[in-house]
Amino acid sequence: MDDSATSSKEHDYERHHELYFDDGDVVLQVDLESVRRDSNQRERKLFCVHKAVLCAHSIVFSNLFADASASPESTYDGRPLINMGPDNAVDFADLLQYLYDPSRYLLRSSGPDTPLELRGLLTFADKVLCNSVRSALIKRVVLDWPTSLEQWDVRESETQAFTG
């Protein structure tokens, strides 16, 4: 293989700027369709994370790592490489961000777009069976968006009293 093939292959991989930890023990790859319409190439977003963090929150990841063979089929940067398939890298990154820093999502100020902003994260949490993550996010949305008129009136009264 010549140098140009090696360098073009490397350009297909993009490490996530926050979620590629030097001490991570597994690399997860999410395939993205190229933004160029004239290209059939796929770009890959890479996340180097910790198996223990993933397993603590997801039965899917626990089973995946338990069933993995002793020698991984693929490696990247000296670590097992697991292809998560074609998915939304932003939603996947949001899930990982939540696992590493839940306060980023649970302690932020209320906003009218909270349900929309958390939609992809909730979908991905469902996909990999992160039930505790899903429950916490739903509780967060319910705090922002009461489910009855009485609860909404109470929330509005509290907001008006606070803002004066």
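The values are calculated or read from the model by the stated rules, or taken from the named source; none is laboratory data. Please read these numbers as outputs of a predicted model, since none were measured by experiment. Ideal geometry is used to build each Cβ from the backbone, glycine not excepted, and the neighbour counts take in all protein chains shown.
Output the number of residues of the stretch 131-164 satisfying the condition of being out of contact with any helix residue (DSSP H, G or I) (no Cβ under 6 Å at 6 or more places or on another chain) and not in a helix (DSSP H, G or I).
4
Quick check, is Ser62 in contact with a helix residue (DSSP H, G or I) (Cβ under 7 Å, 6 or more places away or on another chain), surrounded by 15 or more Cβ atoms within 10 Å (Cβ to Cβ) and among the small types (Gly, Ala, Ser)?
Yes.
Contact list please: Cβ distance under 7 Å, first residue in the stretch 11-33 and small (Gly, Ala, Ser), second residue not in a strand (DSSP E or B), pairs at least six apart or on different chains.
Hits for this filter: Gly24/His50.
Considering only residues that are closer than 23 Å to Cys130 by Cα, modelled with pLDDT of 90 or more and either charged (D, E, K, R) or assigned to a loop (DSSP other than H, G, I, E, B) (or both), which ones fall in the stretch 39-81?
Residues satisfying the conditions are Lys45, His50, Lys51, Ser58.
Enumerate the pairs (first residue in the stretch 112-139 and on the phi > 0 side of the Ramachandran plot; second residue anywhere and surrounded by 15 or more Cβ atoms within 10 Å (Cβ to Cβ) and of a type in the set (S, T, N, Q)) with beta-carbon separation below 6 Å, excluding pairs fewer than 6 apart on the same chain, so at least 6 apart or on different chains.
Once the first residue is on the phi > 0 side of the Ramachandran plot and sits in the stretch 112-139, its partners that are surrounded by 15 or more Cβ atoms within 10 Å (Cβ to Cβ) and of a type in the set (S, T, N, Q) give Leu129/Ser58.
For the stretch 71-90, state whether one or more residues are surrounded by 12 or more Cβ atoms within 10 Å (Cβ to Cβ), touching a residue at least 60 places away in the same chain (Cβ under 8 Å), under 15 Å from Lys51 (Cα atoms) and under 16 Å from the mean Cα position of the chain (by Cα).
Within the stretch 71-90, none of the residues are surrounded by 12 or more Cβ atoms within 10 Å (Cβ to Cβ), touching a residue at least 60 places away in the same chain (Cβ under 8 Å), under 15 Å from Lys51 (Cα atoms) and under 16 Å from the mean Cα position of the chain (by Cα).
What number of residues within the stretch 89-130 are at pLDDT below 85, of a type outside the set (Gly, Ala, Ser) and assigned to a loop (DSSP other than H, G, I, E, B)?
Of the residues in that region, 4 qualify.
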